[in-house]
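Q: The structure is given below, and queries will be raised subsequently.
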Amino acid sequence: MGRLIVVSGPSGAGKGTIIDRVLERMENVKLSVSCTTREPRPGEVEGVNYYYITKEEFERRIEAGMFLEYESFFDNYYGTPVDKVHEELSKGNHIILEIDVKGGMNVKRMEPDSLLIFIAPPDLEELKRRLVGRGTETPEQIIQRTMRAEIEMQYMDQYDHVIVNDDLDKAVEEMIALISE
Ligand code: ADP
Ligand code: 5GP
């Protein structure tokens with residue numbers, strides 16, 4: 001049976017970058033694609049980054065029990081479709097959920113055998129530099145996300161493992177080692 005792997009950490013810490021490399025290297029690891037009501041960012045692709053749906057459709061799916069977990073923040077909903085998670089686990093694959101800390105805590109409660117990994121930036125200055133460098137958020141969104149980062153960092157202790165992403169190659173190796181344990 002595959003394992004449910006939660007990856008959280010503040011926006012800009014490098015979660016997406018690390019996960020992409022892990023997926024390239026481990027055939028039995030899949031990524032859960034969440035649903036969101038937020039607008040796609042330039043370059044994001046439907047069904048790859050997210051499934052982009054309306055608020056009404058999201059609420060319909062909540063009612064229908066189609067989410068393993070969901071949260072609402074930055075005025076938008078984000079949720080993990082339950083069907084794909086079950087499908088991959090039953091095939092024996094591991095599945096990564098890249099979700100926020102509240103979602104992570106919910107999954108830990110529901111599925112205590114999950115592996116919870118927190119990706120931390122070396123420090124908040126570097127986090128802000130990476131967010132600015134990524135160039136996908138407005139200055140206002142960068143402020144919002146760095147403020148939220150401090151709250152997210154308070155959940156770090158609740159995670160099974162913390163990977164400090166100062167060196168990308170090292171961080172990728174650490175995650176592969178944890179999943180392979
Ligand atoms: P997240 O998914 O956590 O929001 P990203 O993976 O988008 O973060 O990374 C944010 C930015 O930081 C990207 O531009 C990425 O290329 C860069 N980045 C990721 N890891 C490192 C690292 N170890 N050192 C320097 N820059 C990094
Ligand atoms: P972004 O807008 O940068 O793509 O994502 C914002 C936050 O939503 C990130 O912390 C991301 O991990 C989180 N997130 C993405 N999908 C989900 C989900 O399905 N559930 C929860 N709880 N959080 C999610």
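Q: Would you check which residues across segment 103-116 are free of Cβ contacts under 8 Å to residues at least 40 places away in the same chain, surrounded by fewer than 17 Cβ atoms within 10 Å (Cβ to Cβ) and assigned to a helix (DSSP H, G or I) and list them?
A: Answer for segment 103-116, where residues must be free of Cβ contacts under 8 Å to residues at least 40 places away in the same chain, surrounded by fewer than 17 Cβ atoms within 10 Å (Cβ to Cβ) and assigned to a helix (DSSP H, G or I): just Arg109.
Q: Something else about it: Specify the residue that is surrounded by the most Cβ atoms within 10 Å (Cβ to Cβ); the eligible residues are those in segment 1-42 that are within 13 Å of ligand 2 (Cβ to nearest atom), part of a loop (DSSP other than H, G, I, E, B) and of a type in the set (A, V, I, L, M).
A: So, considering only residues that are within 13 Å of ligand 2 (Cβ to nearest atom), part of a loop (DSSP other than H, G, I, E, B) and of a type in the set (A, V, I, L, M), the one surrounded by the most Cβ atoms within 10 Å (Cβ to Cβ) is Ala13.
Q: Out of segment 124-170, which residues are modelled with pLDDT under 95, outside any helix (DSSP H, G or I) and not polar (S, T, N, Q)?
A: Passing the criteria: Gly135, Glu137.
Q: Would segment 137-156 turn up any residue that is more than 18 Å from Val7 (Cβ to Cβ), touching a helix residue (DSSP H, G or I) at 6+ places or on another chain (Cβ under 8 Å), loosely packed, with under 15 Cβ neighbours inside 10 Å and not β-branched (Val, Ile, Thr)?
A: Yes; the residues of segment 137-156 include at least one that is more than 18 Å from Val7 (Cβ to Cβ), touching a helix residue (DSSP H, G or I) at 6+ places or on another chain (Cβ under 8 Å), loosely packed, with under 15 Cβ neighbours inside 10 Å and not β-branched (Val, Ile, Thr).
Q: Out of all the residues in segment 43-88, which are in a loop (DSSP other than H, G, I, E, B) and among the aromatic types (Phe, Trp, Tyr)?
A: If the condition is that a residue be in a loop (DSSP other than H, G, I, E, B) and among the aromatic types (Phe, Trp, Tyr), then Phe74 is the only one that fits.
Q: Give Thr17, Thr37 a once-over and let me know the one that is under 29 Å from Ile143 (Cβ atoms), away from ligand 1 (no atom under 16 Å from the Cβ) and not acidic (Asp, Glu).
A: Numbers: Thr17 fails: away from ligand 1 (no atom under 16 Å from the Cβ).
After ruling out the rest, the residue left standing is Thr37.
Q: Oh, and also: In segment 110-139, which residues are charged (D, E, K, R) and within 13 Å of ligand 2 (Cβ to nearest atom)?
A: Scanning segment 110-139 gives Arg130, Arg134, Glu137.
Q: Would you mind telling me which numbered condition in (1) in a loop (DSSP other than H, G, I, E, B); (2) surrounded by 13 or more Cβ atoms within 10 Å (Cβ to Cβ); (3) touching a strand residue (DSSP E or B) at 6+ places or on another chain (Cβ under 8 Å) Ile119 fails?
A: Every condition holds for Ile119 apart from (1).
Q: Same structure, new question: Say we look at segment 89-102 and pick out the residues that are part of a strand (DSSP E or B) and more than 16 Å from ligand 1 (Cβ to nearest atom); which of these is surrounded by the fewest Cβ atoms within 10 Å (Cβ to Cβ)?
A: Among those that are part of a strand (DSSP E or B) and more than 16 Å from ligand 1 (Cβ to nearest atom), it is His94.
The values are calculated or read from the model by the stated rules, or taken from the named source; none is laboratory data. Just so it is clear, the structure is predicted and the values come from calculations on it, not from any experiment. Backbone-built Cβ (ideal geometry, glycine too); neighbour counts: all protein chains shown.
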